[in-house]
2 protein chains.
Amino acid sequence: MQKTQEEFKANILSALAHPNRIRIIELLKNGTKCNCEIGPELELEQSNLSRHMKILVQEGIVVSWKDGLRVNYKVSDKRIFAILDLAGNVAHMEAKVGVEVLEEA
Amino acid sequence: MQKTQEEFKANILSALAHPNRIRIIELLKNGTKCNCEIGPELELEQSNLSRHMKILVQEGIVVSWKDGLRVNYKVSDKRIFAILDLAGNVAHMEAKVGVEVLEEA
DNA sequence: TGACTATATGAGTAATCACTCATATAGCGT
DNA sequence: ACGCTATATGAGTGATTACTCATATAGTCA
């Protein structure tokens, strides 16, 4: 089953499209973290966090490696941050203004 | 109900995270189109397309205006295309691991 | 070895999503 | 007014999602 280019993009964006996963990625802006740090900082259930991390790894958004009992994570590509920043800009614009600032496209 | 910044971003990304909505947006790269053109070009059911467009409008990704019977659409902000392009780059990179590379239309 | 810690996963559930069919609404031309 | 066209939407369905609890796995250290 061949995936289309659009399906690839949609998969990446779906993996990013969850508030907690966004918080995780933004936490990882400061560098490598393990589950045992992310969980408490974001107040996420252990199994819930584990599944979120799995989604991020599967889509190649974060990379993981074991360090003893821990699993460390970092964001694989700085373009991930760029996507989130752009989404923030668009969301911000949409939230603040009505329909009339849209003439720039 | 106060939305967090992460929820705003997640909403934008969710609205983008569907293959057909991505195809719609990329169709709109060439300018304004109406439903009656998009539907046949992408072979989408009328009601299905209508709902996809509603999602895109609600998130401020496209703007719409009526022209007689038609409803025209255009992408509200160039940054939308930037998000899709970045997602394509990341997806492309990730795809190298297993499958052979896909061509750009 | 056993106790402890960090992470992963099976199973169940409630909510949301994408889609379709049928119908409703709205604008055009006669 | 009428028929025709373009779009929107109610209702139903099957699939997917996020979450939780309980349990399994794996690594560390006494």
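The values are calculated or read from the model by the stated rules, or taken from the named source; none is laboratory data. In this text the structure is predicted, and so the values were computed from the model without any measurement. FYI the Cβ positions are ideal-geometry reconstructions off the backbone, even for glycines, and counts take in every protein chain you see. In case anyone asks, the SASA skips ligands and DNA or RNA and just uses the protein heavy atoms, side chains included. Shrake-Rupley method; radii C 1.70, N 1.55, O 1.52, S 1.80 Å.
Assorted remarks:
- Residue in region A:33-51 that is more than 10 Å from DNA strand C (Cβ to nearest atom) and in contact with a Ser or Thr (Cβ under 8 Å, 6 or more places away or on another chain) present: no
- Each residue in region A:46-80 was checked for being in contact with a helix residue (DSSP H, G or I) (Cβ under 9 Å, 6 or more places away or on another chain), open to solvent by 100 Å² or more (accessible area, probe 1.4 Å) and within 11 Å of chain B (Cβ to nearest Cβ), and 1 of them qualify.
- When restricted to residues that are more than 9 Å from DNA strand C (Cβ to nearest atom) and among the polar types (S, T, N, Q), region A:52-80 contains 2.
- Residues being within 14 Å of another protein chain (Cβ to nearest Cβ), over 15 Å from A:Leu84 (Cβ atoms) and aliphatic (A, V, I, L, M) are represented in region A:25-45 by at least one member.
- Criterion violated by A:Phe81 - all others in (1) in a helix (DSSP H, G or I); (2) within 12 Å of DNA strand D (Cβ to nearest atom) satisfied: (2)
- The residues of region A:7-20 that are more than 12 Å from DNA strand C (Cβ to nearest atom), within 18 Å of B:Ile83 (Cβ to Cβ) and either more than 8 Å from every other protein chain (Cβ to nearest Cβ) or free of Cβ contacts under 8 Å to residues at least 40 places away in the same chain (or both), listed by number, are A:Phe8, A:Lys9, A:Ala15, A:Pro19.
- Within region A:37-69, tally of residues that are in a loop (DSSP other than H, G, I, E, B), within 13 Å of A:Ile24 (Cβ to Cβ) and not acidic (Asp, Glu): 2
- For region A:1-31, the set of residues classified as open to solvent by less than 70 Å² (accessible area, probe 1.4 Å) and not in a helix (DSSP H, G or I) consists of A:Thr4, A:Ala17, A:His18, A:Gly31, listed by residue number.
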